[in-house]
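What follows is a short report on a single structure.
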Amino acid sequence: MSPSTTIREPGLLEDATARAGRYLDSLADRAVAADPVAVEKLRSRVGSGLPEAPTAPRAVLAELDAIASDATVASAGPRFFGFVHGGSLPVAAAASVLATAWDQNAFCMTSSPAGVLLEEIVLGWLREVLDLPADSVGAVTTGATVANFTALAAARHHLLEAQGWDVEADGLFGAPPLRVLLSAESHPTVRKALGLLGLGRDRVELIETDARGRIRVDAIPRIDGPTLVCAQAGNVNSGDFDPFDALADACAGPLAWLHVDGAFGLWARASRAKRDLARGLERADSWATDGHKWLNVPYDCGIAFVRESRALRGAMLLSAAYLPGDAPREPFHHLPETSRRARGVELWAALRGLGRSGIEELVDRCCRHARRFADGLSTAGYEILNEVVLNQVVVSFGDDETNRAVVDAVQRAGVCWCGPTEWRGRSAMRISVSCWATGDEDVERSIESIVGCARDVTRARRGKA
């Protein structure tokens, strides 16, 4: 191997930092969508063979910057309103660089005391700010999909163990049946997690929802056997919340488990103005959320909490002759991954940097921006399809073809990025506000662009008529 690939080149990290800084500084002014020319240039390299000879590290870094930076979406910037993506807080991004240099495998205390202990601190802070049971146990995962998987694995373990079945040892062949109840508006990743757990994506019973996407109290069925119920904090379109008190009452028996998917909505618990939306959520048995959404830490970061630590440990326990013995809390006994980066470092930096009041202000500010989007677009004559209770806005510009054309025009204009959706049988555009960097001027500039694009589309369609 050439020495150029193995020797630490002086100034390499500083070069990377400078390039990253220039990229971040460009986000306020660059088009939000990726440059299509840059995308095609990068695509042309797909399938090219690996070069035979080594390349100097600085040249590798310069090439990477040249071929890929303009092919990125400015999702870390202040006017990306798609997919409920947050941007990375500067302190969290900087902590990520430091954590990458540490290169810790935070699967146990022996391999990374810093990674494990920072994670323990973070989980305690999160229980506090989200007002979850103090004795619940947590796990930091790759995202809300795996956080849901982790919590639902604990539910599966608990419900089958209560019937005398060891699912981890014996699998699901011949296991007692479990009833799975799911909100009709549940996120598809919850079904994916259920499928991975062998409980079936389509075997579930759907609970009907109301016009705001919330489980209807009168539609909650009687639960009298081993049952897993999956509820939602923060509908991906409306932003609304299921009736947790009523669901918890229905799941009061020993053979029922209530899980809450709160990828972004769980953070409403951090706001005194919004926490009533999630009233009763603390009565559930498990919860899942994302750190890379509203907390604005770098990708990827999910968090699972489970009330009963024995259930989570029972589902995830791992043993081998070469693995360390029992410390007070070994992460690899609480989540699917063994090899894992120290995500708790970035969580620690974000939470330490914001503090309780900063998290609350971030949530409240994003909700205020969403309300302004709704008011501005409504005043311009467009229909807001949801009651804006959190950070989500669903807007219609007319029929399906018009909505698709407006979304396309907005994305091509590059001022902001919003995505298409379907809500209550109607096509629409969805605006999700969750980035720390979004300011009032970004909202006003985005409203102006959206309205301008919508009017241009309408004029063009009239001209064709």
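Coordinate-derived values only; no laboratory data. This structure is a prediction, so every number in the text was calculated from the model and none was measured. Note: ideal-geometry Cβ built from the backbone for every residue, glycine included; neighbour counts use all protein chains shown.
Going from the residue with the fewest nearby Cβ atoms within 10 Å to the one with the most, H369, H292 rank H369, H292.
Averaging 1/r over every pair of different alpha carbons in region 78-236 and inverting the result gives a Kirkwood radius of 18.7 Å.
Computed on the Cα atoms alone, the convex hull of region 122-174 gives a volume of 103 cubic angstrom per residue. Tell me, which longest segment in the chain has none of the chymotrypsin sites (Phe, Trp or Tyr not before Pro) that fall in DSSP loops with at most 11 further Cβ atoms within 10 Å? That gives 1-172 as the longest site-free run. Directionally averaged projected area (region 343-458, Cα convex hull): 8.1 nm². Beta bridges per DSSP, both residues in the chain: antiparallel share near 60 percent. Remark: relative contact order (region 355-465) = 27 percent; criterion is Cα-Cα distance under 8 angstrom and separation of 6 or more residues. Database remark: amide H of G419 closer than 5 angstrom to the amide H of F83, R430 (H placed geometrically; neighbours at sequence offset of 5 or more, or on other chains; Pro and chain starts carry no H).
Rg and Dmax, both from the Cα atoms of region 164-281 and both in Å, are 14.8, 49. By the count of neighbouring beta-carbon atoms within 10 Å, fewest first, L258, L182 end up ordered L182, L258. Counting only Cβ charges, +1 for Lys and Arg and -1 for Asp and Glu, the dipole size of the chain around its Cα centre is about 720 debye. For T209, the residues whose amide H sits under 5 Å from its own are A184, R216, ignoring neighbours fewer than 5 places away on the same chain, with H placed 1.01 Å from N. Counting only C-alpha contacts under 8 Å and six or more residues apart, can you give the relative contact order of region 30-83 as a whole percent? This gives 66 percent for region 30-83.
The separation of region 157-189 from region 125-149, counted between C-alpha centres, amounts to 21 Å.
Put in line by how crowded their Cβ is, counting other Cβ atoms within 10 Å and starting with the fewest, S186, S396, S339, S286 read S339, S396, S186, S286.
Both numbers refer to the Cα atoms of the chain; Rg and Dmax are 23.6, 75 Å. Across the chain, C-alpha contacts under 8 Å between residues 6 or more apart give a mean separation that, scaled by the residue count, equals a relative contact order of 21 percent.
Here is the size of region 392-465 from its Cα atoms: Rg then Dmax, 12.6, 43 Å. If you place +1 on the Cβ of every Lys and Arg, -1 on the Cβ of every Asp and Glu, and leave all else neutral, what size is the dipole of region 30-72 about its Cα centre, to the nearest 20 Debye? The calculated dipole for region 30-72 is roughly 40 debye. Each 10 Å bin, from zero up to the one with the longest distance, holds this percent of the alpha carbon pairs of region 3-74: 17, 41, 32, 10, 0. The share of Cα pairs per 10 Å bin across region 33-152, counted from zero up to the longest distance, runs 10, 24, 31, 24, 10, 1 percent. Helix-only arithmetic for the chain: the sum of -39500 (n - 2.57) across DSSP H runs with n ≥ 4, divided by the residue total, places the mean residue ellipticity at 222 nm at -13000 deg cm²/dmol. Beta bridges assigned by DSSP with both partners in region 94-349 are antiparallel in approximately 45 percent of cases. Only one residue of L12, A34, S44 has its Cα farthest out toward the positive end of the dipole of region 3-74, where Lys and Arg carry +1 and Asp and Glu -1 on Cβ, and that residue is S44. The distance from the alpha carbon centre of region 364-406 to that of region 207-281 is 25 Å, rounded to a whole number. Radius of gyration over Kirkwood radius for region 94-349, both on Cα atoms: the Rg/Rh ratio is 0.96.
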